[in-house]
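The structure appears right after this line, and notes come after that.
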Amino acid sequence: MRRETLIKVILLILFSALCFLILVPFYAVTIASFKPGEDLIRYGLNLKFDLSVMNLDNFTYLFTGNHSYFMWFFNSLLLTVVQVTLTLLVSATVAYGFAAYDFIGKNFLFICVLLIMMVPFEILLLPLYSLTYNLGLMNSYSAIVLPGIASAATIFFFRQYLRGIPKEMIAAGRVDGATEYGIYVRLILPVMKPSFAAMAILNGMSSWNNFLWPFMVLSDDSKYTLPIGLKTLLTPYGNNYDLLIVGSFFSIIPIFILFMCFQKYFIDGMTAGAVKG
């Protein structure tokens, strides 16, 4: 009994410290968004709460100033919604094929999925860039969306989740006269809601924060995503820290909303995907 209590106390301290470390950067960005850019240049990001220099000028400039922030924001939002939706649908369909059917080469193909998970994206940059250029997709959103719609990690997660669903459910659907498509849409997809929620959050964060690949393929500033747009505020000729810091603060909001919408299913989805199979 004492040992269990000690373990709980240690875990409580550990996770409290972890929570503190995670919240400190958010606190620093929030405080900095109320300070002028000169203060950030002079002192950098800090935790000092100084009412004498804090004001709403940065927020006023964000909503009334002459800049392209909300265009970048909309571009990122559009790309995130499209990419997450397509990734979930395509990856779930592929994973269902691995989990529900037996076919020649199934194990070999799944091993290929696992091998792809082990390859860093940076290694694929050059051949992917060459392929994108040859297909004439440069400076288009298709070049950003298409390479990631069949995510190896998402396929693996869905496959593990689906292996925990009784195959008798599929057999019962066939007995009732449902088509394979009907079984997938009417029986399987509703059961996968927790896993969809978990992967929507993880893929949404990845897409929203994606910088390197969009930076390589986009050249038109009207198509810039938010990470690229914020990067353009730092130049050798001058830095717009006023917009940069308050823009960074607002960039957190969509991810926060995404998590709040799906948190009901998030833990269930992550747990089931991790232990089943």
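The values are calculated or read from the model by the stated rules, or taken from the named source; none is laboratory data. Only a predicted model underlies this, so the values are computations on that prediction, with no experimental measurement involved. Glycine also receives a Cβ, built like all others from the backbone with ideal geometry; neighbour counts cover every protein chain displayed. In case anyone asks, the SASA skips ligands and DNA or RNA and just uses the protein heavy atoms, side chains included. Shrake-Rupley method; radii C 1.70, N 1.55, O 1.52, S 1.80 Å.
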Within the chain, helix-based [θ] at 222 nm, where runs of 4 or more DSSP H residues each add -39,500 (n - 2.57), nearest 500: -22500 deg cm²/dmol
Inter-probe distance in nm under a simple model that places probes 7 Å from Cα toward Cβ, at Leu78 and Leu135: 2.0 nm
Kyte-Doolittle mean at least -0.5 and Cα axial length at least 30 Å: DSSP H helices in the chain: 2-32, 69-100, 241-275
FRET efficiency for Ile116 and Phe59, using Cβ-Cβ distance with R0 set to 51 Å, rounded to 0.05: 0.75
Candidate lysines for bridging to Lys193, where Cα separation is under 28 Å - those fewer than 8 sequence places away on the same chain excluded: Lys106, Lys167, Lys264, Lys276
Choice from Thr232, Thr132, Thr60 showing the highest fluctuation, given a GNM over the chain with Cα pairs closer than 10 Å: Thr60
Scattering curve values for the stretch 110-153, log₁₀ I(q)/I(0), Debye with Cα scatterers, q = 0.17, 0.20, 0.27, 0.31 Å⁻¹: -0.53, -0.70, -1.02, -1.12
Per residue value of the accessible surface for the chain (all protein chains in place, 1.4 Å probe), Å²: 61 Å²
The stretch 1-111, relative contact order in percent, only Cα pairs under 8 angstrom and at least six apart counted: 16 percent
Partner lysines for Lys48 [C-alpha distance under 26 Å; skip if fewer than 8 residues away on the same chain]: Lys35, Lys231
Most to least accessible of Ile111, Ile188 (protein chains only, probe 1.4 Å): Ile111, Ile188
R0 of 25 Å, Cβ-Cβ distance Ile7-Phe256: FRET efficiency to nearest 0.05: 0.20
Cβ-derived FRET efficiency at R0 45 Å, Phe108 paired with Asp220, nearest 0.05: 0.60
Rounded accessible area of Phe15 (nearest 10 Å², 1.4 Å probe): 120 Å²
Mean Cα-pair separation over length for the chain, i.e. relative contact order, pairs under 8 Å, 6 or more apart, %: 29 percent
Between the stretch 85-135 and the stretch 13-37, the Cα center-to-center distance that results, in Å: 37 Å
Peptides ranked, highest mean first, by Cβ atoms within 10 Å: ranges 207-214, 82-89: 82-89, 207-214
